[in-house]
Structures are given as C-alpha cells and as structure tokens.
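Values in this text are rule-based calculations from the coordinates and carry no lab data. What you are looking at is a predicted structure, and each value in this text was computed from that prediction instead of being measured. A quick note on method: Cβ atoms are made from the backbone with ideal geometry, for glycine too, and the neighbour counts reach across all protein chains shown.
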Amino acid sequence: MAAGFPVASLVVLGTCLLLLLKVAYETISCYWLIPRRIKKAMEKQGVRGPKPRFLVGNVFEVASMVSKSTAGDMESVHHDVVSRLLPHYVAWREIYGKRFIYWNGAEPRLCLTETDLIKELLSKYNAVTGKSWMQREGSKHFVGRGLLMANGEDWYHQRHIAAPAFMGDKLKSYARYMVECTTEMLRSLKNAVETGQTEFDIESCMTRLAADIISRTEFGSSYEKGKRIFELLTVLQRLCSQSTRHLCYPGNRFYPSKYNSEIKTLNIEVERLLMEIIQSRKDCAEIGRISTYGDDLLGLLLKEMQENKGNSNGFRLNLPLIMDECKTFFFAGHETTALLLTWTVMLLATNPSWQEKVREEVMQVCNGDPPSIEQLSKLTLLSAVINEALRLYPPVTLLPRMAFEDFKLGDLHIPKGLAIWIPVLAIHHSEEIWGKDVNEFKPERFISRSYSPGRIFLPFAAGPRNCVGQSYALMEAKIVLAMLISRFSFDISDNYRHAPVVVISVKPKYGVQIRLNPLI
C-alpha cells in the first residue's frame, strides 16, 4: 500500500497537470490563436478595421461613442438616427469601407452591408451559422437556451415544436383575444379622457396591451398574473444589454460581482414565477380539469416533454428548457409588437395626413367594427404604414451570425469563428438602397411600383431563421392600430422628447407622449 501511494499520487498529479495544460491551451487558443488566425485571413482579403486592444477589443470605443451620441435628445422629430444609434458603424465605414472588422472582446465581427451577400448568407448558410458563445453567455440569464439562442439541431427541433402555435387556424384563433384586450385598453383610455386626462404615454399602454395579449394567447394567463415576470424581464433586458461591457470568459458567471449577483437574483425570481404557471397547467391536466395541456405555446411545450421524445441527435425537451422558451416568448412576444405599435403611433401622430388616410381606409373596410381576419388583408395603407415604421425603427439594430465552419460567401472566404453582424438599422436607412428620401416617413414606398423587391427589408430577419412570430406580430399590430385609429384621433404632445436608444431593442428613451381625442 505504501509503495503504491506515490504512484497513485503521480497519476493524480499527472491528470491534474494535463487538465491544466488543456484549459491553458484552450484559453490561449480562444483569446489569442483563433482571433489572430481570423484577423490574418481577413486582412489577406483586404478586410480591416480599428485596432483591437488585448482581451477587450473595441468594446470601450463602441461604448464611448454610443454614450456620447445618445447623451442628449434629438433637436426635432426626424428619423436620421443611424449616427445616433450606430455611431461606430458610421465612423468605421467611412474609414474602412463597406466591409470592416471590429472586436467585441476577443470575438471578431465582420460588418456586412452588401445586400447580395446578406441574402446569400441568410438563405444558404443557416446550417453552418448561428449564435456565438459570447452572445449566448451574455443572454443566458435573460432568454437562456430558448429558440432565440439555439443553434443547429437544437434550433431545428425547438422551432418545429413552437411553430404550430403561430400558424394557420391557431393564429387566426388569437384574433378574438387581441380584440378583447384592445377593447379593454380603449375603454380605459376613454374613461381617462372623460375624467380630464388628455395626455398619455402610448409606450406604456402598448407594452401592457402586448403583454396581456401574449399572456392570454400563449400561456393561458393574464397580464396581471404575469405582470411581475414582465417587470423582472425588463430589468434583465437592461442588464443583459450591458453584457458587452463585461468580459465573457470561461467561468465568469461564478465571479462574485454585483452585476452577476443582481442577474442571478432576478433570474431565480423569474423562474420561480414561471414554474407556478407551468405547474398550474400540469396540475389541471393531471387531475382531469382539462383533457390536454392545451394547444397554445405552453401546452405544446408540455406535451412534447410529457411524450419524452428524443431523436438520433439526442434532443430532449426538459423543464429548464421549457422555462427558457417561456422567457424567450414572454419577452419577444410582447417587446417586438409593443415597440412596433409605439413607433407607428408616434409616426402617425406626427403625420396627420397619413393618420387621416389610414382612418378613412379602416372605416371604409371595417365600418367602425373591429377588423375581422378576412378584412386585415384589405388594409393596404395601414400595412404600408406598419412596414415604414419597421423600416425606420426596426426592433433590433443588428442581426448576428457566427460561422461554425469555413465557407465561401460571394467573393469572401469566411473562416470558422468569425461573427458576421448585419446592421439592420443602417441598411434600412441606406440612401443607396432606398433613395434620397430614406430618412423621411413615406409609406407609399411600400405601395408604389417603385418599391423594388431587390431592396432588402429585415425587421424580422430572413431565411429559415426568420422570426417565428412574424405573422402573429403583424396581425396584432393591424388589429390594435385599426381599432385605436377608428376611436381616437391623436397628435404628439409638446412634452415628447425624441430620443431613441438601444436597449437590445430600439426604444424611446422617455416614452411617447400623445394627446388623445375620442371620435365616438
């Protein structure tokens, strides 16, 4: 025994040493060797960018430029917002051209604006691109490994499970809830006007309305029941939007920082509340109060988990992943639509002639009633206004993809490990693509023949990985706006301060204050 002890100790010591060497090599590879290889590969192709600092890259430069550009409010309500929200893009494009690389920590990011290459990337390379480790780390406490952050086979299976909740007859069945929730909101607004209130923050109204609708349609709940979840997710959203200011490295989540502690505490509370909703649905099914888990999103997720179906690649839906999907759709299901509604109302409030055109169309098609599913397709002017709002103020400013393999994109060789960032906001405001009036509110560009299909329009991404809830969001927006505009006229308040900012999504910094005047 005594003779064997040194041998055992040497084996343990040797194993530990090998593990340390492996960790050291992987760390050096991640933060030095791979980035250096990618940098050289892109420089050979003439693609350069600002010089990165060791470990932090260009993080502090971006943060400083954005902080300065958004420190004040815009002098008037206009829509030339790219230099405000993406000042680093504007500065570096001028120096390095259409293609350039900047660095988020040790992650190299190719900024891509050429429309033919973007179309090729989004349509052809879905299988070999996805969300990077750094992105997933930055959002893991916010939306976790839900559909938004899933990759490869996991993404395919998660999309397959969630898609039926946003398609066909199921999608149409949500119209009743959307009308009911909107009716309640409009009644509340009218009561407030009758008591003397004339000014309202429409962002707050639309955020609550969209949250109520997603709660009822996809989780069998209500806004009041999910209110605390939405509040916590909003705080998590703000914190996670700052993730680029905090270095991501293996094991950084265990570092006892105030940032990590606050995020962990919020996430625990969100998951506790979600578990109550999930358990309530499970209990109702198990005691026979309902015959199935339901055919909304939560029901489909629980059904998949109960059937315990795996596949050859080992995908299995479990409770932690269901909670991540719930966080993803609780957030994305109301955030995108609420902001679309908010910016559209702001644009109509500052363009009364278009407001009147849309009102005339809605009254002619719907005759004062809530729109039916069949009538929505006839609201062509309203659709054009919504598209123009999505062009000027897309929900997200950047669309990211990480290359998991080497591949050829047009004339570019894309090396494994390179992140590709598509600046959606800049593309939507490109004079080269949209014309000299690019920063003007002109919905007719989506009606007239001059609107060329060759233009690239990416409010919900594109290709196989486009937003699964796109049809849901557009249907909701049309119903809410048609009902609002048929019952109220509105103009922008003198108190409104035009100051869009990016907190993951493009938001109004101080809300959007409007004056409401009942029509009926």
Sites removed, the longest contiguous part of the chain containing no DSSP-loop trypsin sites (Lys or Arg not before Pro) with at most 10 other Cβ within 10 Å is 1-288
Residue 511: net charge of surrounding residues, Cβ under 10 Å, Lys/Arg +1, Asp/Glu -1, itself excluded? +1
Average projected area of the Cα convex hull of the range 339-431, in nm²? 9.0 nm²
Before anything else, pin down the relative contact order of the chain: Cα pairs under 8 Å, at least 6 apart, normalised by residue count, whole percent. 23 percent
Using 1/(1 + (r/R0)^6) with R0 = 60 angstrom and r between the beta carbons of residue 510 and residue 10, what's the FRET efficiency to the nearest 0.05? 0.35
With a cut-off of 8 Å between alpha carbons and a minimum separation of six or more residues, what is the relative contact order of the range 50-120 in percent? 36 percent
Based on the Cβ-Cβ distance from residue 45 to residue 91, what FRET efficiency comes out when R0 is 25 Å, to the nearest 0.05? 0.70
Residue 190 neighbourhood, Cβ < 12 Å, K/R = +1, D/E = -1, net charge 0
Using a Debye calculation, one point per C-alpha and no hydration shell, please list log10 I(q)/I(0) for the range 45-518 at q = 0.09 Å⁻¹ in order. -0.63
Give the separation of the Cα centroids, the range 178-237 to the range 343-380, in Å. 21 Å
At 37 °C and 0.692 mPa s, what whole-number value in µm²/s does Stokes-Einstein give for the translational diffusion of the range 91-217, with Rh from the Kirkwood sum over Cα pairs? 171 µm²/s
Lys/Arg Cβ at +1, Asp/Glu Cβ at -1, dipole of the range 45-518 taken about the Cα centre: which of 266, 483, 177 is farthest positive-ward? 266
Net charge (Lys, Arg +1; Asp, Glu -1) of residues whose beta-carbon lies under 12 Å from that of residue 358, residue 358 excluded, is -1
Residue 444 versus residue 56, label points 7 Å from Cα toward the beta carbon: distance in nm? 5.1 nm
Per-residue HN-Hα couplings for the range 513-520, Karplus 6.51 cos²θ - 1.76 cosθ + 1.60 at θ = phi - 60°, whole Hz, x for Gly and Pro? 8, 10, 9, 9, 10, x, 9, 9
